[in-house]
Amino acid sequence: MTFHSILYKSEDVIIKEKTSVAPDFFVDLNLDQILNAITSGKEEYNLKLFYYSSLKDFDSIMYRHEIFQDLENPILFEYLKSFAAGMRAMRDDLVQKEKLYYKYQYKQLFLDSVKIYCEAVKTLGEDLSEVNLKSQGLLAFREYLKDYIQSLRFTELCAETNKILNELSTIRYCLIIDGLQVEVHKYKSETDFSTEIEEAFAKFKQGAVSDYMVKYAHQLKMNHVEAKILDRVVLLYPDIFLNLDTFYEENKNYQDNKITTFDREIQFYIAYLEYLAIFKQEGLKFCYPGFSNPGKRVYDYEVFDLALTYKLINEKSSVVLNDFYLENKERILVVSGPNQGGKTTFARTFGQLFYLASLGLPVPGQKAQLFLFDKLFTHFEKEENIQNLHSKLEDELVRIHNIFEQATPDSIIIMNEILTSTTLQDAVFLCKKIMEKIIRLDLLCIWVTFIDELASFSEKTVSVVSSVIPDNTASRTYKIVRGPANGLAYTLSLVEKYQLTYELLKHRIKS
Amino acid sequence: MKAFLMFKKSDFPLQQKLPWNTKALIQDLELNTLFNGMAQGDAIISEVAMKAVLSGAYNDVNTILYRQNILRDSLDNASIIKKMYNISIEAIESNKKSYLSEFSLCYPTTTLQNADGVMQLFVGFLQQLRTIADNHSDNFHSEGFTMLFAMLKKELDDEFFSRVKTHLQELKLENGVLLSAGLGKGNKGTNWILHRYLAKRESWFRRLFSKKSSSYTFSIYHKDDRGLRILSDLKGEGVNLVANALAQSADHIHSFFTMLQTELAFYMGCLNLHEQLTQMGEPTSFPSILTNEQHKHSFEGLYDACLALTLKQKTVGNTTNVDDKTLVLITGANKGGKSTYLRSIGLSLLMMQCGMFVPAETFEANLCDSLITHFKREEDITMKSGKLDEELSRMNDIVNHLTPNSIMLFNESFAATNEREGSEIARQIVNALLEKQIQVFFVTHLYDFANSIYVRKLPNVISLRAERQNDTSRTFRLIEAEPLKTSYGEDLYNKIF
């Protein structure tokens, strides 16, 4: 297999998948937060784009799954990270180089960057030959790298770099500064004055003393005096610098395109795995989801919202895990229950799972079967938009209508507390209408609502509720379980907590 | 270079762990009076005296004898010791004045100048030390001083001084500087080193012969301020290492003077104390130290040096022989000198163990590995526990730290309760200590306790009593006698009312 890209199996996929704008649902599902956390500290790679386009075929997904599985080997993972560090150091040198004005300054930096590049590439080659790889992607890359390292182009590049670096390191020159005069000549093994001083007073040595070395904040950029000195050093060693000139001209484009692309693209995996490590440390589980297509029997156990959990871990709070499954004719999860009971979080989690799975990523959960959708829609309540001439209700209906314009049986819709700005009667009516449309499309849907009637709408709907621990009624668990919708359960529990129920008030209020 | 006046082979550490019961010892034996008497207002002497006296229990016989001999030399050559001590003080002071405060500057050339200045001064003081060694070493006989003077003569020889002089002259860098560097990142100069540069001698030579070994010269325009600053920075880089080396060397010499001052401070303290005691007509003597196989402890004319320093007059001395005695019971009249006696026992042991003379006409004793006091405290400072509780808690601490070769001084311990209970507690504790061969001096009013021990007529127990003349005046002298039931509190009462 020819190596094209570590992200995509074939070139046609590469072209098809490119987009630079985040999908509409990103903010609703808090995927923007998740992505920020994943890519934080890796801005230079511009990784976000890779997370913007879901894959549409199972081959492409498997291609990534395999690579992820290879990367679970911590040794390989470290190898790739140190390669990345090398490439980053190389780029730093090149960035610095651009800021320099004196030619033997920037040329040295250029040389330095080539050196780092050669080392990083060679090391990666050796490292990869040591690990056991199974994924098509990494296997193909390893072959490519092997050939590249053995190529004449690369071996000569390395040899020449080392030669010139060695020559430069042999240079040592002397300065005599006398008033305004500066004389530059080759170093002739003059003795170190400080050693003589140390020797003269060695007999007094008593133990640790302070360090009186002044720390100079060195700027890489030379000033005019340093440049004049360097000019004269060049005169003292003309051959060495001539070699540097030639090298610089001949190797301007020394980086191999596929290798630099790999360096960037492999970060898609590294970044995600480093992000997952935060959760794994807390004992949370991830799995490679299977796909039900064309069927719609989906499930995942022990799932959690990545964005929220990330915050909870930072605050050292505990995390609640949820399960869900849809089988037979079930298509729609209707979530009801008390406010702040974790309903919206559950809906987001649901959306995150399907989306992340479509990117070929491992997803939260202990065991999952998901569905590869063609389109994913979210409808979350929006702040009123004054610019817009529509009323809020109208605005919402327009948006919902747009969804149904595009939705197919293979789409997924996530509805969160819709139509709250109208009367209950209206809402019930409209929701039922919308529900009919969804049922007719037979698509997968999760719907958070305060309308109990929706829960038992048809055999395709499943009622789940956010639960309250019975013996400590005031504490909400954020656990979402199957059960009949009962809007009062939680409110009653709060009343009990504050001892305001009828029975309790009878005893508390003295007659 | 080391002074080695406190230990034959190591420095005297000012940062050292003192015995766990240091605070109690200072309080119970009124050691601050001793330290002040030794220091005569000199803070260094005071600190050294305290550390030396309290760490005495860690010394072996050889160290004690080593110091005794040095102290004898010091007593014979007091003026020279004072002179050397003053030299070390002046050296340290001169350093403080000239540069220490400015050393954190950010120019190596300034560091170099300052260090050079300090060095010039130090060299002067070193020369003074050398002169003393040349002129007076014959008057010293102790191993410590013989070694010190020999070392000064050897290390501070003429060659040393001339070499240093040359270096310091060259480091003024009056003829320009010779630096070398390699190429670092971006071909910037790196690893700067300063070399000796003898420009005047070399310049004509170079002009004539070294044309072949090429060199290139350029000048900075005299109005190029930035260029001039850069040149001086370059010089700084080159001078950095040398400046550091010189400054650190200055620090080392500073440390040498500090060490010399510290170790001489101990003997200065001894001289000061000796002078005062002699003026009062109090005797002092060097104790005989006995090996641990025999259990000896005897003295003539032992007095409490702190009491003498406080009263500024000669005090009553005691003569006792407690050879082979494990328990010394001390009873008798109030204000009869019991506490003073107990303190003089403790103080003399501490002084002996740190190598000092002792406040007695004669003195011989074994070394102990810790001296522990359990004195009745006037009040409970912490207020959190009752008096007896506090005493027992202290006793608990003591038992945690007790070593077989400890000496314990009890002063009216466990009297915070009634006599029967107190006696019972004391009896139980003391019997245990007796059995474990811990040497105990116990001053007590607990007749029940004292008598019950006394009547057993144990060979290793001796009972001393504050003497009382019939006319009710006291001699402050202790005699060997059985415990008396009355403690003469009545006398005191009558005297006062």
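Numbers at a glance
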{"quantity": "Qualifying residue in region B:222-231 (condition: more than 8 Å from chain A (Cβ to nearest Cβ) and in contact (Cβ under 8 Å) with a residue 24 or more places away in the chain)", "calculated": "no"}
{"quantity": "Elements of type helices (runs of 4 or more DSSP H) contained in region A:135-233, each with 2 or more residues being of a type outside the set (K, R) and more than 10 Å from chain B (Cβ to nearest Cβ)", "calculated": "A:136-150, A:152-170"}
{"quantity": "Qualifying helices (runs of 4 or more DSSP H) (wholly inside region A:1-115; at least 2 residues being at pLDDT 90 or above and closer than 30 Å to A:H379 by Cα)", "calculated": "A:31-39, A:58-71"}
{"quantity": "Qualifying residue in region A:191-200 (condition: polar (S, T, N, Q) and out of contact with any helix residue (DSSP H, G or I) (no Cβ under 7 Å at 6 or more places or on another chain))", "calculated": "yes"}
{"quantity": "In region A:64-111, the residues that are β-branched (V, I, T) and either out of contact with any Gly (no Cβ under 9 Å at 6 or more places or on another chain) or under 18 Å from A:Y254 (Cβ atoms) (or both)", "calculated": "A:I75, A:V95"}
{"quantity": "Qualifying position, being touching a helix residue (DSSP H, G or I) at 6+ places or on another chain (Cβ under 6 Å), surrounded by 22 or more Cβ atoms within 10 Å (Cβ to Cβ), more than 7 Å from chain A (Cβ to nearest Cβ) and part of a helix (DSSP H, G or I), among B:A243, B:A265, B:A247", "calculated": "B:A265"}
{"quantity": "Answer from B:F449, B:F414, B:F442 - the residue that is within 37 Å of the chain's Cα centre (by Cα), modelled with pLDDT of 85 or more and under 30 Å from B:D369 (Cβ atoms)", "calculated": "B:F442"}
{"quantity": "Test: residue in region A:180-188 that is touching a helix residue (DSSP H, G or I) at 6+ places or on another chain (Cβ under 6 Å), free of Cβ contacts under 8 Å to residues at least 12 places away in the same chain and farther than 18 Å from B:E237 by Cβ", "calculated": "no"}
{"quantity": "Subset tally (residues that are in contact (Cβ under 8 Å) with a residue 40 or more places away in the chain and out of contact with any helix residue (DSSP H, G or I) (no Cβ under 7 Å at 6 or more places or on another chain)) for region B:434-445", "calculated": "5"}
{"quantity": "Counted residues, region B:15-25 - those being surrounded by 18 or more Cβ atoms within 10 Å (Cβ to Cβ) and either of a type in the set (K, R) or outside any loop (DSSP other than H, G, I, E, B) (or both)", "calculated": "2"}
{"quantity": "Members of region A:71-112 that are within 27 Å of the chain's Cα centre (by Cα), without any contact (Cβ under 8 Å) to a residue 24 or more places away in the chain and buried (at least 17 other Cβ atoms within 10 Å of the Cβ)", "calculated": "A:D93, A:L94"}
{"quantity": "Hits in region B:352-393 - residues which are charged (D, E, K, R) and modelled with pLDDT of 80 or more", "calculated": "B:E361, B:E364, B:D369, B:K376"}
{"quantity": "Checklist (1) touching a helix residue (DSSP H, G or I) at 6+ places or on another chain (Cβ under 8 Å); (2) at the interface with another protein chain (Cβ under 7 Å from one of its Cβ atoms) applied to B:L260, failing item", "calculated": "(2)"}
{"quantity": "Residue ID - farthest from A:F373 (Cα to Cα), chosen from residues in region A:252-290 that are surrounded by 14 or more Cβ atoms within 10 Å (Cβ to Cβ) and basic (K, R)", "calculated": "A:K258"}
{"quantity": "Conditions (1) more than 9 Å from chain B (Cβ to nearest Cβ); (2) touching a helix residue (DSSP H, G or I) at 6+ places or on another chain (Cβ under 7 Å); (3) part of a helix (DSSP H, G or I); number of the one not met by A:E274", "calculated": "(2)"}
{"quantity": "Hey, B:S215 surrounded by 13 or more Cβ atoms within 10 Å (Cβ to Cβ), modelled with pLDDT of 90 or more, more than 29 Å from B:S74 (Cβ to Cβ) and in contact with a strand residue (DSSP E or B) (Cβ under 6 Å, 6 or more places away or on another chain) or not", "calculated": "no"}
{"quantity": "Residue satisfying condition, being touching a residue at least 12 places away in the same chain (Cβ under 8 Å), in the same structural domain as B:L246 (by TED's automatic domain parsing) and in contact with a His (Cβ under 7 Å, 6 or more places away or on another chain), within set B:I64, B:I87, B:I80", "calculated": "B:I80"}
{"quantity": "Positions within region A:291-318 being surrounded by 15 or more Cβ atoms within 10 Å (Cβ to Cβ) and within 26 Å of A:K329 (Cβ to Cβ), in sequence order", "calculated": "A:F291, A:S292, A:K296, A:V298, A:Y299, A:D300, A:Y301, A:E302, A:V303"}
{"quantity": "For B:D471: the one exception among (1) assigned to a helix (DSSP H, G or I); (2) at pLDDT below 75", "calculated": "(1)"}
{"quantity": "Residues of region B:420-439 satisfying the condition of being in a helix (DSSP H, G or I) and not hydrophobic (A, V, I, L, M, F, W, C)", "calculated": "B:R420, B:E421, B:G422, B:S423, B:E424, B:R427, B:Q428, B:N431, B:E435"}
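Residue-by-condition table, conditions (1) at pLDDT 90 or above; (2) more than 10 Å from chain A (Cβ to nearest Cβ); (3) surrounded by fewer than 20 Cβ atoms within 10 Å (Cβ to Cβ); (4) not in a strand (DSSP E or B):
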| residue | (1), (2), (3), (4) |
| --- | --- |
| B:D134 | yes, yes, yes, yes |
| B:S137 | yes, yes, yes, yes |
| B:T146 | yes, yes, yes, yes |
| B:A150 | yes, yes, yes, yes |
| B:E159 | yes, yes, yes, yes |
| B:G182 | yes, no, yes, no |
| B:E237 | no, no, no, yes |
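The values are calculated or read from the model by the stated rules, or taken from the named source; none is laboratory data. Every value quoted in this text rests on a predicted model; they were computed, and no experiment measured them. Using ideal geometry, Cβ is built from the backbone for each residue, glycine included, and neighbour counts are taken over all protein chains shown.
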